Ligand SMILES: Nc1ncnc2c1ncn2[C@@H]1O[C@H](COP(=O)(O)OP(=O)(O)OP(=O)(O)O)[C@@H](O)[C@H]1O
């Protein structure tokens, strides 16, 4: 049986004006979990709960077999993290990051760190605060990926990266899990990246878990039916879960099986994650649960 590096069960966090969860999902060793959801959905809060940076109202987080926060704290040396709020002291240069991480992390791999710093083209003599936002993110990512962490947790790692660096990162993450011993959890609004590398998706909207499962399962569930204006009949509309109309035509999302016997003259296209999120009206939300 595939071992889970992380298991989350009925995890809930209640803030005064926001409730997250209950969330239940797991990450087996050797897989990438992508977290998607609109702004304010609860993605960062979920990652903070996983890292014991916030206390859950209810539910359990099991990291590498350890369920109590104290035991998880020990297991945390096995977790590589790059969050929005992580960073390094302003005056530090790459060499300072290297020596500090070497002090704290038993598996720190300085050679790997410098390799990634070079790959990302980070200026080594420049103080952290003087690096651009994207370059700071590259230093954070290089550090998170250089201590053989079993689980790497990244909050919107691609947000400040240019397309070349983003592509490099996605390739690195895929290589990172290849040995079947490591896993990655990342949140991102760049859905194309997630469709490319995430084996599993956790989809959260307004604190509610709408979907957890294989990426392909979610994408295969729906299609986009497109046609000219005159083709949009009331019967067709009834089958739809989300409709977009333009001056010349329409685009209607529906469950794949509902699109099997459509009238001629319509085109059926696969749905992508962006379309899924954009079209995700209340009906689809209910449908996905
Ligand atoms: N410490 C806190 N106290 C009260 N409310 C909080 C706290 N932290 C987060 N929240 C609330 O939790 C909700 C979810 O926020 P979160 O940052 O997790 O969303 P997100 O999915 O990461 O959004 P984005 O895509 O915009 O980064 C927000 O309504 C936020 O105001």
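Only the coordinates and a few stated rules stand behind these numbers; no lab work does. Keep in mind the model is a prediction, meaning the values are calculated, not measured. No Cβ is skipped: glycine too gets one built from the backbone with ideal geometry, and neighbour counts run over all protein chains shown.
Couple of notes before you dig in:
- If you model the chain as an ellipsoid using its alpha carbon gyration tensor, with each semi-axis the square root of five times an eigenvalue, the axes come out at 39, 22, 16 Å, biggest first.
- Going from the residue with the fewest nearby Cβ atoms within 10 Å to the one with the most, 53, 101, 170 rank 53, 101, 170.
- Of the Cα atoms belonging to segment 220-288, the radius of gyration and Dmax stand at 11.0, 30 Å.
- Relative contact order of the chain, defined on C-alpha pairs under 8 angstrom at six or more residues apart (%): 21 percent
- Pairwise centroid distance, computed over Cα atoms, of segment 189-206 with segment 2-78, Å: 16 Å
- Here the Kirkwood formula puts the hydrodynamic radius of segment 65-221 at 16.7 Å, using every distinct Cα pair.
- The chain, helix-only ellipticity at 222 nm - DSSP H runs n ≥ 4, -39,500 (n - 2.57), divided by all residues, nearest 500: -9500 deg cm²/dmol
- Helix 110-120 axis versus longest C-alpha principal axis of the chain: approximately 50°, rounded to the nearest ten.
- For segment 220-288, relative contact order (Cα pairs under 8 Å, six or more residues apart, normalised by length) works out to 41 percent.
- Between helix 163-176 and the chain: long-axis angle, C-alpha atoms, 0 to 90°, nearest 10: 80 degrees
- Counting only alpha carbon atoms, the long axis of helix 133-144 and the longest principal axis of the chain meet at about 70°.
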